[in-house]
Each structure stands twice: as C-alpha cells, then as structure tokens.
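Chemist: My questions all concern the structure below.
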Amino acid sequence: MTAPGTLPGAGPDALEGLRVLDASTLFAGPLAATLLGDHGAEVIKIEHPRGDPARTHGVQRDGVGLWWKMLARNKKSVTLVLSTPRGQELFRELAADADVVIENFRPGTLERWGLGWEELSARNPRLVLARVTGFGQFGPYASRPGFGTLAEAMSGFAAITGEPDGPPTLPPFGLADGVAALTTAFGIMTALRARETTGRGQVLDMAIIEPLLHLLGPQVIGYDQLGVLQPRTGNRSTNNAPRNTYRCADGRWVAVSTSAQSIAERVMRLVGAPELIDEPWFASGASRAEHVEELDAAVGAWIAARDRDDVIEAFEKAEAAVAPIYTAADVLADPQYAALGSIVRVDDEELGPIRFQNVPFRLSETPGRVRSAGPRLGRDTAEVLGRYGVDAAELERLRTEGVV
C-alpha cells in the first residue's frame, strides 16, 4: 500500500482504460468525474472557451482559482463549443469512444444540439450518460435552474439546521453538490457494473434534491407515520445528550457526542456528575435529550474550567468521545490526518507546490492517486482532438471560428 500522503508512482489503477467526458460545470458533476479520475479513468474536461465558472469560484492566487486545482485534478482540459455544428460533430466522435459522459445542462439542451441519448447511444450502445440537474429530467420543476442551495432548502436540511429561535440555516459550502457527486459516482459505477452483464449502457438521472434528502434519515417516515417534524436544536440532538460544542478555558472549542449509552455514562463520571447516571431518564438517549439543560450545565462547566488540550487528554483517558473544533489550519497540522495521508502535496504547473484533499478512501491493492492538479484552460485540446484528425491548421481555424 502506498505510503500515506505521497504521490504514488506508476501502479495499478482500478479504472485504468475507462474514458470519461466531463461536460458538466461547477460542482456536482465535475466532482463525480474527479472521483473517477482519482482511480485512473481518463477524464476529458469539455469546457467552453470561457472556462468552467468553477475556475473563478472561491479564493484565488495570482488570478488562479484554488478550488479549481482540487476539483479538476487528474483531468485533461479541452475547449469546445457544443452549440456549433463542428463542436457537436467532434463531441459525437469523442462520445463514441467514451465509457461515460457526465453533463448538467438543462433538460432538453443536449437533444436540441443533436447530442441526446438517442444520438449518442446509437453510435455507442455501451455508453453511460450521467445527467446531473437540480430537479431531474422530468416533472413540474425539471426546467428550473437548480443549484445545491435549492436542494439544501427543499430536502428539509435547512429547516432542521440552526438555533431553535433562529432562521433556517444553509451550509457555508457545497453540501448538496458534494453529496450528489458522491452519489453520481456510485450510480456511474453501478451502471458500468450492469454493463458487464447486459452489454449495454444506460442513462443515470441524478436530481440534486434527492441524495441529501436520503441522508436526512427518518424525517419523511417520522412525519408519514407520526405527523412529527424535527425542530431546530442548534448543536444539540433530539436523539441523545449531552451532544454539543463547548468552549474551553483557553477560548478554543470541542465537540462532545454520547450516542452510545456507555459513553454517556463515562462523560458524566468524568465531569463529576455520576449521580445523574442513576436517574431513570438517563437510561436512553431520547430521554436524556429531554434533560439536556441539566446535562449541558454539568459538562459545559467542567470543560469551561480547563484548556482544550487538557480536556481532550482527560476524555481520551476516560474513553469518552470528544474532538477539537478544527479550521483548515488545524487539519494541515493534525497527526491523524497526516497518518491517513488525507492531504496530498502536488507540484502544479502554475502555482508550484500546493496541498489539498487526497483520494477520500484507501484501497489496499488499487489505492488511487492524484497525478496532477486542475489544468490550464484548453491545455489538452490539441492532444485530444488530434486523435480525431484535427491537425494544427484545423485547430487554428476552429479557434478563429470560435468552435474551440
């Protein structure tokens, strides 16, 4: 197994030989393609000559988007305008050789360009077409523009997030897009596995509003069967207590969880309130949650009297569950992340040495790897289109005509 935090050399890649056309923009579709590229798939990023808007999202260094460097790692960048006849012709040729196409245009857009499922599958029956949109390919909302924020609102996530007396709260990062990306990658691999049996590809219809809804657990069935709606409880839980974030004496913060009964008992002994364990209501997480003020007062007071490092040391000695509240700076300095190799260093063609998240899991035989950071716009256009007979003279003409 490759040493943690290093860039492995040439070795086995689970998806080597798989070709993916990433014709999607921003986050859900592109991140799904990134996950496939991490494991050896050749990911060809199809961009308008203006570039994927993700190139300018977030912080930048010297005009270079840093989010892009992580999001577009292990990809080749090809510029191509799909609304032009020659661009469509070249895309059909690319798709004829591909295993997967990922797109996130509004429903009907590919069909209007002559690039829909009927056309693409006619030339390549083994193709998997992943269609990532806010609301799916059909239904009354299908034509609406869809973003992760709308999914975070409509899934029920925002309704249960925030303080009890505060407004519904949205996450400060692309949560719904990220969950949809992971689900899309799984859906693609499921379709590729089915292809081994059927010999045929298929369409994956991914609506961003659905994966996050799935993660919300019993919200729907609870209302269906009992008519109950989970309230906003801030950092507390309706399922167990104590569960919260607590400020330490040095101003830093920790998070405590007591999902297991044994852990809850250890925490109360540690903070000097063992008598609460004998209360009848302490016997279950739900009933403990009904006495959260009493439990939080005991835990909060004990933690507030100690520095964070002392709190963590005491919790670990007591085999209770605690974690420091980290920033990105803390993540980069943490020994557990270092041991897992969760952060990788890459020598980038534009920025030099950079660090960002590594492959998000470890396989013992085919570990996956980050081979390069997000590319310059159009860096690989000549190489990729050259496979389909586009020589230097035609490439220059296509640039002049605004096709690439």
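The values are calculated or read from the model by the stated rules, or taken from the named source; none is laboratory data. Values in this document were obtained by computation on a predicted structure and should not be read as measured data. Counting neighbours? That spans all protein chains shown, and the Cβs are built from the backbone with ideal geometry, glycine included. Keep in mind that these areas ignore ligands, DNA and RNA; they rest on the heavy atoms of the full protein, side chains included. Shrake-Rupley method; radii C 1.70, N 1.55, O 1.52, S 1.80 Å.
Chemist: Among Ile263, Ile160, Ile221, whose mean-square fluctuation peaks in a Gaussian network model of the chain (Cα, cutoff 10 Å)?
Modeler: Greatest mean-square fluctuation among the candidates belongs to Ile221.
Chemist: If you count only protein heavy atoms with a 1.4 Å probe, what accessible area per residue comes out for the chain, rounded to a whole Å²?
Modeler: I get 49 Å² per residue for this part.
Chemist: Any lysines with Cα under 25 Å of the Lys45 Cα? List them, leaving off those in the same chain fewer than 8 positions away.
Modeler: Lys69, Lys75, Lys76
Chemist: List the residues whose amide H sits under 5 Å from the amide H of Trp253, counting only those 5 or more places along or on another chain, with H placed 1.01 Å from N in the peptide plane.
Modeler: Residues meeting the criterion, in which the H sits 1.01 Å from N, are Cys248, Ile325.
Chemist: Please report, in Å, the Rg and the Dmax of region 111-154, where both are computed over Cα atoms only.
Modeler: Values for region 111-154 (Cα only, Rg and Dmax): 13.4, 40 Å.
Chemist: What percent does the relative contact order of the chain come to when contacts are Cα pairs within less than 8 Å and at least six residues apart?
Modeler: In percent, rounded to a whole number, it is 21.
Chemist: Continuing with this model, one more query. Name the helices (complete DSSP H segments) of the chain with a Cα length along the long axis of 30 Å or more and a Kyte-Doolittle mean of at least -1.0, or state none.
Modeler: Those that clear 30 Å and a mean of -1.0 are 175-198.
Chemist: While we're looking at this one, here's another question. Report Rg/Rh for region 317-386, rounded to two decimals, where Rg is the Cα radius of gyration and Rh the Kirkwood radius.
Modeler: 1.14
Chemist: Please list, ordered by chain and number, the residues whose modelled amide H lies under 5 Å from the amide H of Val128; skip anything fewer than 5 residues away on the same chain.
Modeler: Val100, Val101, Gln202
Chemist: How many percent of the accessible area of region 7-63 is carbon or sulfur, using a 1.4 Å probe?
Modeler: Percent of accessible area from carbon and sulfur atoms in region 7-63: 55.
Chemist: Give me the extension gain from Ala96 to Ala142: residue separation times 0.36 nm, minus the current Cα-Cα distance, reported in nm with one decimal.
Modeler: Here the segment from Ala96 to Ala142 would lengthen by 13.8 nm.
Chemist: Also, quick follow-up: Counting Lys +1, Arg +1, Asp -1, Glu -1, what net charge surrounds Glu93 among other residues with beta carbon under 10 Å of its beta carbon?
Modeler: It works out to a net charge of +1.
Chemist: Write down Rg/Rh for region 157-228, rounded to two decimals, with Rg from the C-alpha atoms and Rh from the Kirkwood relation over Cα pairs.
Modeler: With Rh from the inverse mean 1/r over Cα pairs, Rg/Rh is 1.14.
Chemist: Bins of 10 Å, beginning at zero and ending with the bin holding the largest distance: percent of Cα pairs per bin for the chain, please.
Modeler: Result, from short to long distances: 4, 18, 25, 23, 16, 9, 4, 1, 0 percent.
Chemist: Another one. So what is the 222 nm mean residue ellipticity for the chain from helices alone, if each DSSP H run of at least 4 adds -39500 (n - 2.57) and you divide by all residues, rounding to the nearest 500 deg cm²/dmol?
Modeler: For the chain, the value works out to -10500 deg cm²/dmol.
Chemist: Out of the DSSP beta bridges found with both residues in the chain, what percent are antiparallel (nearest 5)?
Modeler: 40
Chemist: Then there is this: Springs between alpha-carbon pairs under 10 angstrom, Gaussian network model over the chain: which of Gly29, Gly187, Gly65 fluctuates most?
Modeler: Gly65
Chemist: Tell me, what is the percent relative contact order of region 1-141, built from C-alpha pairs under 8 Å that lie six or more residues apart?
Modeler: This gives 24 percent for region 1-141.
Chemist: Another question about this same structure. Most mobile of Ala320, Ala393, Ala159 per a Gaussian network model of the chain (Cα springs, under 10 Å)?
Modeler: Looking only at Ala320, Ala393, Ala159, the biggest GNM fluctuation is shown by Ala393.
Chemist: Still on this structure, please answer the following. Using the C-alpha gyration tensor of region 221-363, what are the square roots of 5 times its eigenvalues, in whole angstrom, with the largest one first?
Modeler: Values for region 221-363, descending: 35, 21, 13 Å.
Chemist: While we're looking at this one, here's another question. Any idea how far the Cα center of region 146-167 sits from the one of region 69-112, in Å?
Modeler: A separation of 32 Å, based on Cα centres.
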